[in-house]
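The values are calculated or read from the model by the stated rules, or taken from the named source; none is laboratory data. This one's a predicted model, so the numbers in the text were calculated from it and none came from an experiment. Every residue, glycine as well, gets a Cβ built from its backbone with ideal geometry; the counts of neighbours run over all protein chains shown.
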Amino acid sequence: MAQLKSGFTAELKVVGREGSRWVLEGDEDPIMMNVSDADEALQEGDDVQVFLYTNRRGQLTATMRMPNMTSETFGWARVIRVDDREGVYVDIGSSFEVLVNRADMPRIRSLWPQVDDALYMTLRTDLGGNIFGRLATEEKVQEQLIEAPTSLHNQNVKARAYRLLPVGSFMLSVPENYRIFIHNSQQEKEPRLGQEVDVRIIGIRDDGTLNGSLLPRKEERLGDDAETVFRYLTEVGGRMPFTDKSTPEEIKEMFDLSKAAFKRALGKLMKEGKIVQNDGWTSLK
């Protein structure tokens with residue numbers, strides 16, 4: 001039997017029961033497992049697959065509630081609590097929560113994950129066997145790459161950010177874990193670490209990784225821009241001193257749109273018969 005260590009799985013024999021705990025065969029000393037962490041059908045003499053961790057008393061302990069990752073594997077952990085001083089506490093799918101240290105968090109506080117975001121991570125232990133979370137590195141993600149099908153081009157997928165850099169965001173699709181890179185020119189704002197977003201696939205690379213965008217499609221942007229202009233017209237009484245002849249500076253200040261986008265929005269609204277332009281004014285029809 002390999003040495004039993006916190007953060008790893010093992011197959012152990014059930015040798016007895018003491019009150020509310022099962023007794024499992026260990027290296028030298030027996031390993032205890034709470035009855036609440038075991039299957040109801042468990043019996044003495046069974047061989048069981050367990051996850052090992054160090055409890056608050058420093059004792060190696062077992063659970064049959066397998067986590068989403070171990071010290072040898074990676075998986076997603078849901079954020080359950082955020083502490084500005086310590087870091088982020090996550091649910092690994094087992095019997096206890098795990099801390100991901102604040103040193104592993106983005107330098108910009110607004111990019112920290114929030115409750116119900118999820119982190120792609122593994123487990124590590126300190127000298128005492130206490131378990132903490134460690135975010136997946138780019139090297140480890142590269143080792144686990146899953147080649148994406150070409151049919152994903154121009155499709156939308158759900159994905160979460162696992163690495164944030166000034167050049168852009170690195171993401172993994174869920175649940176498939178296809179690697180997606182989103183250049184900063186393809187996002188209106190940077191996503192949080194672990195935030196789930198809709199990504200449009202705009203390119204498939206030779207190695208099977210993906211390029212994505214968080215910007216809406218042109219037709220979707222046009223609809224949003226037209227809605228912005230129409231809503232403004234409605235709020236100001238149905239008439240505004242802005243037309244397709246207005247200056248780019250005026251349009252940017254009032255609508256936060258480029259002149260080209262503003263003209264496309266006006267064109268859409270006119271085609272739909274919702275507005276007219278006369279003498280330097282745009283009015284609801």
Reported set for the stretch 153-184 where residues are without any contact (Cβ under 8 Å) to a residue 40 or more places away in the chain, surrounded by fewer than 18 Cβ atoms within 10 Å (Cβ to Cβ) and more than 12 Å from the chain's Cα centre (by Cα) is 165, 166, 167, 176, 183, 184
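Which is among the aromatic types (Phe, Trp, Tyr), more than 15 Å from the chain's Cα centre (by Cα) and at pLDDT 95 or above, of 51, 96?
On the way: 96 fails: at pLDDT 95 or above.
Exactly one residue qualifies, and that residue is 51.
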Over the stretch 111-167, the set of residues polar (S, T, N, Q) and not in a helix (DSSP H, G or I) is 114, 122, 125, 130, 137, 144, 154, 155, 156
Hey, residue 205 basic (Lys, Arg), within 31 Å of the chain's Cα centre (by Cα) and modelled with pLDDT under 90 or not: no
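Taking the stated definitions as given, is residue 185 at pLDDT below 95, small (Gly, Ala, Ser) and at negative phi?
On the way: at pLDDT below 95: yes; small (Gly, Ala, Ser): yes; at negative phi: yes.
Yes: the conditions hold for residue 185.
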For residue 111, which of the numbered conditions (1) under 17 Å from residue 171 (Cα atoms); (2) touching a Gly at 6+ places or on another chain (Cβ under 9 Å); (3) surrounded by 17 or more Cβ atoms within 10 Å (Cβ to Cβ) fails to hold? (2)
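Can you tell which of 128, 75 is of a type outside the set (A, V, I, L, M, F, W, C), touching a residue at least 40 places away in the same chain (Cβ under 8 Å) and more than 28 Å from residue 207 (Cα to Cα)? Walk me through it before giving the result.
Numbers: 75 fails: more than 28 Å from residue 207 (Cα to Cα).
128 is the lone residue from the list that is of a type outside the set (A, V, I, L, M, F, W, C), touching a residue at least 40 places away in the same chain (Cβ under 8 Å) and more than 28 Å from residue 207 (Cα to Cα).
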Can you list the strands (runs of 3 or more DSSP E) lying wholly within the stretch 181-285 that have 1 or more residues being touching a Phe, Trp or Tyr at 6+ places or on another chain (Cβ under 8 Å)? 210-213, 275-278, 281-284
Output yes when any residue across the stretch 38-45 is touching a residue at least 40 places away in the same chain (Cβ under 8 Å) and surrounded by fewer than 18 Cβ atoms within 10 Å (Cβ to Cβ), and no when none is. no
